[in-house]
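Data block below; observations after.
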Amino acid sequence: MKNEKTEKKPLTPFEKLCLGLSQDMDEEICKGIAVELEKCPDCHFFYNSVEKTIEMYRQVDNEKDMEEEMELRLLNVLNLEDFKE
Amino acid sequence: MKDELELIEKAQNGDRKAQAQLVLRYEKKVFNLALRMMRDKEDAEDVMQETFLTALRKLHTFEGRSQFFTWLYRITMNISLQKLRDRNKGSAMVSLSDPDIESIHGQHLSEWPAFNQKLISNEEFRKLLDNAVKELPAIYRSVFILRDLEGLSTIETQKLLDLTESNVKVRLMRARYYLRQNLQKYFQEGQFNEK
């Protein structure tokens, strides 16, 4: 059987910018982004705005508390209401 | 972790108290994920209830090969995606294209204003953010929520949604770009800029 190696398509500069905020980016890509941002002010602003977009969503979509009645309804549906803490 | 595995085993053996403890441990996480996906409290509650009904029914199939919350998340996402498909049947969704680097060069972009608590609390602004996510087709919305809001890694996301790594990255990139462009219009118009 032929030993096939999966070839990774290199990321385009735009992909690097858009994905640059991924927590699992490798070092090489991060360096590439830094170079890109240095030579292109628009890219810098763009990168910064994507970062702000995500941060805004994180703040607005923060974890909400569940109402007690909602919990009761859930336990009722599951027939577990006797075990309400 | 050991405590959780013991709890799951008891729940799998029909211990109702253990089942209730599992539900109470994860209800908030499941509800919040459902709320992020559905963008509606009542729909999120439906998803949460269906998730736990399914989870308890299928609990015997959980083999501990993934973390329990990942298993629950997968059920939550499947139910949410199904509901979104039903809800959006026949309605047109935005189509997201691949942006390219040329679209940034020469645009003379400027720094976005610093956002603060006042902006985040602004109802109109919150609605703007919410509407943009509602416009995102479910396949993009799910990746954005899992990666950027729930903080899952690419690998966790791809396993949870049965996608390839490159699918996750492309969808995340398109979703971020779409949401960013939506906000750009408003910042350009100065609607939410601090005076």
Answer residue from the stretch B:19-37, given it is surrounded by fewer than 21 Cβ atoms within 10 Å (Cβ to Cβ) and more than 10 Å from every other protein chain (Cβ to nearest Cβ) and is nearest to the chain's Cα centre (by Cα) among those = B:Tyr26
ask   = Restricting the stretch A:37-77 to residues that are farther than 30 Å from B:Leu53 by Cβ and over 23 Å from the mean Cα position of the chain (by Cα), which is farthest from the other protein chains (Cβ to nearest Cβ)?
value = A:Glu38
task = Any chance you could count how many residues in the stretch B:38-58 are surrounded by fewer than 19 Cβ atoms within 10 Å (Cβ to Cβ), in a helix (DSSP H, G or I) and more than 7 Å from chain A (Cβ to nearest Cβ)?
result = 6
request  = Evaluate the stretch B:150-168: report whether one residue or more is of a type in the set (Lys, Arg), farther than 15 Å from A:Ile54 by Cβ, assigned to a helix (DSSP H, G or I) and modelled with pLDDT of 90 or more.
outcome  = yes
key: Of all residues making up the stretch B:166-183, the number that are facing chain A (nearest Cβ under 9 Å) and either in contact with a helix residue (DSSP H, G or I) (Cβ under 7 Å, 6 or more places away or on another chain) or β-branched (Val, Ile, Thr) (or both)   = 11
task = Go through the stretch B:9-50 and give me each residue that's of a type in the set (S, T, N, Q) and closer than 17 Å to A:Met70 by Cα.
result = B:Gln21, B:Asn32, B:Gln49
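Rundown of residues vs (1) crowded, with 19+ Cβ neighbours inside 10 Å; (2) of a type outside the set (A, V, I, L, M, F, W, C); (3) at pLDDT 90 or above; (4) in a helix (DSSP H, G or I), yes/no style:
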residue	(1), (2), (3), (4)
A:Glu38	no, yes, no, yes
A:Cys43	yes, no, no, yes
A:Tyr47	yes, yes, no, yes
A:Glu51	no, yes, no, yes
A:Ile54	no, no, yes, yes
A:Leu74	yes, no, yes, yes
Among residues of the stretch A:60-72, those that are assigned to a helix (DSSP H, G or I) and surrounded by 15 or more Cβ atoms within 10 Å (Cβ to Cβ), counted = 3
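The values are calculated or read from the model by the stated rules, or taken from the named source; none is laboratory data. Everything quoted here is computed from the prediction, not taken from an experiment. Counting neighbours? That spans all protein chains shown, and the Cβs are built from the backbone with ideal geometry, glycine included.
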